[in-house]
Amino acid sequence: MTALGILYPGHFADDDFARIEQLLGSDIRVDLVRTEAAEDHHRADAPRDTASPERLAAGVEGLRLSGAEAVVWASPGGSFDDDWEGAHEQVRDLARAAGLPASSTSFGFVHAARELGARRVAVAAPGPKEAADLFADFLRAGGVEVAGVRAAGAVTAQQIAGWGEAETLALARAADVAGAEAVVLPDTAWHTAAYVRLLEEALGKPVLTANQVTVWEALRLADRRVNAPELGALFTREPIVQV
């Protein structure tokens with residue numbers, strides 16, 4: 001049994017992780033601890049309080065007791081808000097507090113794009129343009145070229161959590177551009193686990209969503225590979241050797 005630790009701000013799409021756990025198989029356990037969200041707002045600066053060391057450390061003890069082998073902070077906004085170096089420091093602090101390998105959803109996107117060999121991506125963000133642009137800057141700092149950014153302008157996690165298949169597919173299609181080798185959906189308040197395969201079939205390319213990538217990143221830290229076709233190309237392809 002491999003236990004994965006997820007620190008999740010709030011509660012808006014936490015049920016996505018139970019769905020992902022079911023798709024991964026019986027020997028993977030996804031342990032989720034909800035951290036206190038400062039406010040339900042998607043301003044570019046809103047995640048700063050949510051990602052404070054005190055809030056993250058408060059959630060770590062439960063994961064340690066659960067036997068988690070790795071921990072991932074499941075908030076793209078809360079993990080890229082302080083730029084590339086600040087995000088590294090945040091992960092180092094989290095690893096020290098947990099006594100476990102640690103990462104974040106934002107780093108997970110960079111690592112997942114490399115895994116797929118996707119050097120150029122399109123970003124389909126449900127929130128404001130300012131926050132989407134900061135995320136795109138983070139990807140660029142990680143060596144991932146961003147071919148285009150489409151932001152839907154939703155201002156609360158509750159709004160995003162209410163999106164279904166139609167809204168998700170429409171935004172992904174609107175964001176996709178010629179030359180993009182993958183489409184990225186960066187929000188853990190967004191229910192996407194049920195739609196990954198549908199999106200990939202509609203777009204004809206890999207799709208990386210925040211909750212899918214968060215769990216994949218935890219598996220990477222735990223040195224586990226799992227074949228789960230319903231979770232898309234990221235969970236079915238052999239790793240790409242970077243040159």
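Here are the numbers for this structure:
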item	result
Count of residues meeting criterion [out of contact with any helix residue (DSSP H, G or I) (no Cβ under 7 Å at 6 or more places or on another chain), of a type in the set (Gly, Ala, Ser) and assigned by TED's automatic domain parsing to the domain that holds residue 62] in region 89-122	1
Residue list for region 182-225, filter: without any contact (Cβ under 8 Å) to a residue 24 or more places away in the chain and either under 19 Å from residue 19 (Cβ atoms) or crowded, with 24+ Cβ neighbours inside 10 Å (or both)	201
Failed item in (1) in contact with a strand residue (DSSP E or B) (Cβ under 6 Å, 6 or more places away or on another chain); (2) outside any helix (DSSP H, G or I); (3) of a type outside the set (Phe, Trp, Tyr); (4) buried (at least 19 other Cβ atoms within 10 Å of the Cβ), with residue 148 passing the rest	(4)
Conditions (1) closer than 21 Å to residue 159 by Cβ; (2) touching an Asp or Glu at 6+ places or on another chain (Cβ under 9 Å); (3) at pLDDT 60 or above; (4) not β-branched (Val, Ile, Thr); number of the one not met by residue 53	(1)
Yes/no for residue 177 being modelled with pLDDT of 95 or more and outside the structural domain of residue 8 (by TED's automatic domain parsing)	yes
The one condition in (1) surrounded by fewer than 17 Cβ atoms within 10 Å (Cβ to Cβ); (2) acidic (Asp, Glu); (3) within 18 Å of the chain's Cα centre (by Cα) that residue 165 fails to fulfil	(3)
Test: residue 124 is touching a His at 6+ places or on another chain (Cβ under 9 Å), closer than 17 Å to residue 191 by Cα and of a type in the set (A, V, I, L, M, F, W, C)	no
Residue 127 in the same structural domain as residue 222 (by TED's automatic domain parsing) and in contact (Cβ under 8 Å) with a residue 12 or more places away in the chain	no
Subset tally (residues that are part of a loop (DSSP other than H, G, I, E, B), small (Gly, Ala, Ser) and in contact (Cβ under 8 Å) with a residue 60 or more places away in the chain) for region 160-181	1
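The values are calculated or read from the model by the stated rules, or taken from the named source; none is laboratory data. The shown structure was predicted, so the numbers you read here are calculated from the model rather than taken from an experiment. Here the Cβ is made from the backbone with ideal geometry for all residues, glycine too, and neighbour counts use every protein chain on show.
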